[in-house]
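These notes are about the structure you will find just below.
No value in this document is a laboratory result; all are computed from the given coordinates. Since the structure is predicted, the reported quantities are computational estimates derived from the model, not experimental observations. All Cβ positions, glycine included, derive from the backbone under ideal geometry; neighbour counts span all protein chains shown.
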Amino acid sequence: MRTLITLALLAVLVMAATCYESHESMESHEYLNPFINRRRANDFIQADTRLEAIAQERIRERNKAPLERQREICEDYYPCELYAFRHGYAAAYRHYFGRRRTK
């Protein structure tokens, strides 16, 4: 009987030690309400920097490097693209479009 009571007390102590909800876990406000309000959701991101980054990306799209423009021109012309697979886009562009000079 004594052993049974000792084991029961030991089981209660182990359960209390493992199931105890400490104060540190309650400090997080996510415990009570895991969702935050819409206004606070993006407080850490500055709106102007996002818009500025989008504008910079649009500017980069408009101002392409000359080699990128040449590659796109070559990709649109099928024989140039086939030549590029074998010799590279720079050589293919020179071969098909290098002689054409516009003033």
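Can you pull the one-decimal nm distance between simple spin-label points at MET15 and ARG40, each 7 Å off the Cα toward Cβ?
For the pair MET15/ARG40, the computed spacing is 3.7 nm.
For LEU7 and PHE97, calculate 0.36 nm times their separation in residues minus their Cα-Cα distance, and state this gained length in nm to one decimal.
Values: separation 90, 0.36 × 90 = 32.40 nm, distance 9.04 nm.
My answer for the length gained is 23.4 nm.
If we sort 6-16, 74-84 on the protection proxy, mean other Cβ atoms within 10 Å, highest first, what's the order? Display every interim value, and only then the final one.
On the way: 6-16: 9.9, 74-84: 14.9.
Result, highest mean Cβ count within 10 Å first: 74-84, 6-16.
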